[in-house]
1. Take V54, V13 and sort them by solvent-accessible surface of the protein heavy atoms, 1.4 Å probe, largest at the top.
2. Which one, L24, V5, T110, is farthest towards the positive end of the dipole of the chain when Lys and Arg carry +1 and Asp and Glu -1 on their Cβ?
3. Give me the extension gain from V117 to K30: residue separation times 0.36 nm, minus the current Cα-Cα distance, reported in nm with one decimal.
4. Relative contact order of the chain, please, whole-number percent, based on alpha carbon pairs below 8 angstrom and at least 6 residues apart.
5. What are the residues whose amide H is under 5 Å from the amide H of S42, where those residues sit 5 or more places off or on another chain and H is modelled from the backbone?
6. Only Lys, Arg, Asp and Glu count, each charged at its Cβ (+1, +1, -1, -1), so figure out the dipole size of the chain about its Cα centre, rounded to 20 debye.
7. Among (i) 11, 35, 33, 18, 4, 0; (ii) 11, 41, 36, 11, 0; (iii) 12, 45, 36, 7, 0, only one was calculated for this model; which label is it, if the read-out is P(r) over Cα pairs in 10 Å bins from 0, in percent?
8. With all protein chains present and a 1.4 Å probe, how do R7, R113, R91 order by accessible area, largest first?
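The values are calculated or read from the model by the stated rules, or taken from the named source; none is laboratory data. Values in this document were obtained by computation on a predicted structure and should not be read as measured data. When we count neighbours, we look across all protein chains shown, and the Cβ atoms used for this are built from the backbone with ideal geometry, even at glycine. Side chains are part of the model used for accessible areas, which takes the heavy atoms of the whole protein and leaves out ligands, DNA and RNA. Shrake-Rupley method; radii C 1.70, N 1.55, O 1.52, S 1.80 Å.
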Amino acid sequence: MEKIVLRRPFFVVNPKSYLYGEALHGLAAKTDELCERYGLQSLFTAQLVDLPWVVGNCPHLIPCAQAMESLRPGRGMGHVLPEALAAAGVRATFLNHAENPMTVGELAATMARAREVGILTVVCADSVAEAPPSPSCAPTS
């Protein structure tokens, strides 16, 4: 899978668990249309069951899982397997969201697993002090 490189400006559309099914499909389709029309990029999060629809119907979006975990194929019922997301066409994931916090160890392990399978990570933090911007994220002049 080709590595995603985000261009500025980009947008994140994150309906969380407020939308699913047909309502989410409509929002994804409209976002896809706007991305195509204006040459924008958008990370678009969806419930796991809706992500295949987004992947198959919205070629101008970056399909984004709401969460992922560091487990490997095998035991782990009820957890989100990185390989399964990648195989389904998911290109990015949120990690450590306030509604789904992770320990520092699990966050580091999950970020490493995401790199292994080619999934971009959007990592949330409580403050700038907790996660200062990297030089690659610094504003350009």
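1. Of V54, V13, the descending order of accessible area is V13, V54.
2. Towards the positive end, the residue furthest out is V5.
3. 28.5 nm
4. 19
5. The answer is F11, I62.
6. 260
7. Only one listed value fits the structure, namely (ii).
8. R7, R91, R113
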